[in-house]
Amino acid sequence: MPRLVSAVLLSAAVVTLAAGCGSGDDTKGTSAGDTALAPEASTGSSDDLTATLVDAKGTKVGTAEFAAKNGGVEVSVEVTGLPPGFHGFHLHSIGVCEPDSVSPTDPTMKGDFLSAGGHIGAKETHHGEHPGDLPSLFVEKSGAGSLEFVTDAVTLADLTDDDGSAVMIHAGRDNYANIPERYAPNGPDETTLNTGDAGARIACGPIEGSGQGGS
C-alpha cells in the first residue's frame, strides 16, 4: 500500500479531547512517535489546492485541502451531512464530478460521479497499492467527520495534470483488497481488486487551485 507518512482519523470528539489535553492545532491527532512528521501549520501558499465536495443532488457536504508538507502532501478533510461509519476515501483520475454520468472507460456503465474515472494509478496495480488509495474517512452519528494525514504517494502536480483529479467519498468502508485466502482461496475478485468493495460514490469534488473556488 502507498506509504503514508502520517495517517490519522479525526472525529469532532477526538479533536475536543485533544484540545482538553493541551494539544496545539498544528499537531492535533498525532501520536508521540509521529511528532517529527506532524503536519506543519498552513502557510496559505498560492500553490495549495482545494476541493468542494458535493453529493449527487449538488449539495455541499464538505471540503478537502491539499498543501505541500514534510516532503509529501498534507490532506485535510471536513465533512457534514454524510451517513455515519467508515467511508472509502480516494483520489480519482479525472477532475469532473457529474451525477448520473457515463464511465469514461465503459460506456455501458452509468452512475453518480462515474465521470471522475478510476483511482489515480489504477492501471498500474491493484487496489491497496494505487497512489489514489487513501485512509478511510470516519463519520460520526451527527454526520460530521474529519481526516488529516500526509502522503508521499502523490504530488500537487499529479493532482493538477491535464485532465485534473477529484476527491471521492464512497458509501461503504474500504477493505483495501485485503481478503485472506481462507475466505477467498482464488484471491479477491475484480471488484475488490479495483475498489476495495467501497460501494457507490456518494460525494465528489474536483481538485482546483486555492484561488479558483469550488464547483
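The values are calculated or read from the model by the stated rules, or taken from the named source; none is laboratory data. What you see is a predicted model, and the numbers here were worked out from it, not measured in a lab. So basically every Cβ, Gly included, is an ideal-geometry build from the backbone, and we count neighbours across all protein chains shown.
The single condition among (1) assigned to a strand (DSSP E or B); (2) farther than 16 Å from Val61 by Cα; (3) in contact with a helix residue (DSSP H, G or I) (Cβ under 8 Å, 6 or more places away or on another chain) that Pro104 does not meet is (1). If the condition is being surrounded by fewer than 22 Cβ atoms within 10 Å (Cβ to Cβ) and closer than 20 Å to Lys57 by Cβ, then region 86-101 contributes Val96, Glu98, Pro99, Asp100, Ser101.
Among the residues of region 135-147, not a single one is out of contact with any Phe, Trp or Tyr (no Cβ under 6 Å at 6 or more places or on another chain), modelled with pLDDT under 95 and of a type outside the set (Val, Ile, Thr). Within region 175-193, residues that are at negative phi sit with their Cβ atoms under 9 Å from residues that are of a type in the set (Val, Ile, Thr) and assigned to a loop (DSSP other than H, G, I, E, B), at 6+ positions apart or across chains, in these pairs: Pro188/Ile179; Asp189/Ile179; Thr192/Ile179. Of Val167, Val150, all but one fail to be within 12 Å of the chain's Cα centre (by Cα), over 25 Å from Pro99 (Cβ atoms) and of a type in the set (A, V, I, L, M); the exception is Val150.
Considering the conditions (1) buried (at least 17 other Cβ atoms within 10 Å of the Cβ); (2) in contact with a helix residue (DSSP H, G or I) (Cβ under 8 Å, 6 or more places away or on another chain); (3) of a type in the set (D, E, K, R), Asp112 is excluded by exactly one of them, (2).
Just so you know, in region 43-62 the residues that are at pLDDT 95 or above and surrounded by fewer than 17 Cβ atoms within 10 Å (Cβ to Cβ) include one that is nearest to Ala200 (Cα to Cα), and it is Lys57. For region 69-89, a residue qualifies if it is at pLDDT 95 or above, under 15 Å from Leu159 (Cβ atoms) and either assigned to a loop (DSSP other than H, G, I, E, B) or not β-branched (Val, Ile, Thr) (or both), and the qualifying residues are Glu74, Ser76, Phe89. Select from region 43-63 the residues that are of a type in the set (Gly, Ala, Ser) and either under 19 Å from Asp174 (Cα atoms) or part of a loop (DSSP other than H, G, I, E, B) (or both) and list them in ascending order. Answer for region 43-63, where residues must be of a type in the set (Gly, Ala, Ser) and either under 19 Å from Asp174 (Cα atoms) or part of a loop (DSSP other than H, G, I, E, B) (or both): Gly44, Ser45, Ser46, Ala56, Gly58.
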